[in-house]
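Student: Here you go, one structure.
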Amino acid sequence: MSKFATAAALAAALAGALLSAAPVAAEPAKPTIVLVHGAFADSSSWNGVTKILQKDGYKVVAAANPLRSVTADAAYVADIVGAIEGPVVLVGHSYGGQVISTAANGHATVKSLVYVAAFAPEEGESVAELAAKFPGGTLGEALAAPVKLKDGGVDLSIDQAKFHQQFAEDVDAADAALMAAGQRPVTEGALTEKSGKPAWKTVPSYFVYGTGDRNVPAKALGFMAERAGSKHTVVIDGASHVVMVSQPKAVAALIEEAAR
């Protein structure tokens, strides 16, 4: 073989090696999942869902929702979203649904909303109004004596003796007792505050809830899902209001669908 042929062969081999070593386009980064609990719950209510999401490679932030007012709570969650680089999926449970509906406004990084047994109010509606829109809810009968606050408002919580049946009937009794003791109260004002323009009108939304929900009747949840143009609604037969605790796999699966 001539010197020229050898050089050509070496050049071809080098070019092939360089091409094979060329970087492959990286897959888009997975969105961060921000979980927002509702009234009478706390961030630990997402533990089962969080374990699944983390195992599947998602970064998760389970926000501590203050439960003081829609305006203040949504502003707090919006600050969390604003500090996250890359896309975000906002997930709300119960009253947390109204919070994410407000918090997502003005944040282009929020790619989808997931409502877990959650309220999705129209502009001008409150959680209290929506809860009473359809028959079947028994929350009022299960509330403990309100706690008077210095600002003139009151804090509401569920009577611990009634918590299991009312809020988490399909959860182990011992676990429900822990949830009852650790529940975070909500102000009455937060439940009666009117909603502003909801983000679900412009952001793709997904819904999951159970037919055994005693806090928010299933008919109310189905009504809100249909009105919001839900991309996928999952209805779990017999599941309680804390469907994310009793059915974490189903809830995580819907969140991951929304994330894709």
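The values are calculated or read from the model by the stated rules, or taken from the named source; none is laboratory data. Predicted model only: the values in this text are computed from it and were never measured. Cβ: placed from backbone, ideal geometry, glycine included. Neighbour counts: every protein chain shown. Ligands, DNA and RNA are excluded from the accessible area calculation, which covers all protein heavy atoms including side chains. Shrake-Rupley method; radii C 1.70, N 1.55, O 1.52, S 1.80 Å.
Student: How many residues are over 25 Å from Glu122 (Cβ atoms), touching a strand residue (DSSP E or B) at 6+ places or on another chain (Cβ under 7 Å) and open to solvent by less than 30 Å² (accessible area, probe 1.4 Å) if we restrict to the stretch 240-260?
Tutor: 2
Student: Here is a further query. Please specify each residue of the stretch 226-237 satisfying the condition of being open to solvent by 60 Å² or more (accessible area, probe 1.4 Å) and either part of a loop (DSSP other than H, G, I, E, B) or of a type in the set (S, T, N, Q) (or both).
Tutor: Of everything in the stretch 226-237, those that are open to solvent by 60 Å² or more (accessible area, probe 1.4 Å) and either part of a loop (DSSP other than H, G, I, E, B) or of a type in the set (S, T, N, Q) (or both) turn out to be Lys231, Asp237.
Student: Further, regarding this structure: So which pairs qualify, if the first residue must be in the stretch 238-260 and assigned to a loop (DSSP other than H, G, I, E, B), the second must be among the aromatic types (Phe, Trp, Tyr) and open to solvent by less than 30 Å² (accessible area, probe 1.4 Å), the Cβ gap must be under 9 Å, and the two must be at least 6 apart or on different chains?
Tutor: Pairs found: Ala239/Tyr209; Ser240/Phe167; His241/Phe40; His241/Phe167; His241/Tyr209; Val242/Phe167.
Student: Evaluate the following for Ala62: is it open to solvent by 10 Å² or more (accessible area, probe 1.4 Å), within 27 Å of Asp170 (Cα to Cα) and not hydroxyl-bearing (Ser, Thr, Tyr)?
Tutor: yes
Student: Before we move on, is Ala63 at pLDDT 95 or above and under 11 Å from the mean Cα position of the chain (by Cα)?
Tutor: yes
Student: Something else now. Given the conditions (1) assigned to a loop (DSSP other than H, G, I, E, B); (2) among the charged types (D, E, K, R); (3) under 30 Å from Gly86 (Cβ atoms); (4) in contact with a Phe, Trp or Tyr (Cβ under 8 Å, 6 or more places away or on another chain), report the number of the one that Lys197 does not fulfil.
Tutor: (4)
Student: Being surrounded by 10 or more Cβ atoms within 10 Å (Cβ to Cβ) and at pLDDT below 95 narrows it down to one of Leu14, Leu53, so name that one.
Tutor: One residue alone meets the criteria, Leu14.
Student: Still on this structure: Residues of the stretch 136-177 being farther than 20 Å from Pro66 by Cα, of a type in the set (A, V, I, L, M) and within 24 Å of the chain's Cα centre (by Cα), which ones?
Tutor: Leu139, Ala168, Val171, Ala176, Ala177
Student: What are the residues in the stretch 210-225 that are open to solvent by 20 Å² or more (accessible area, probe 1.4 Å) and out of contact with any Ser or Thr (no Cβ under 8 Å at 6 or more places or on another chain), if any?
Tutor: Result: Thr211, Lys219, Phe223.
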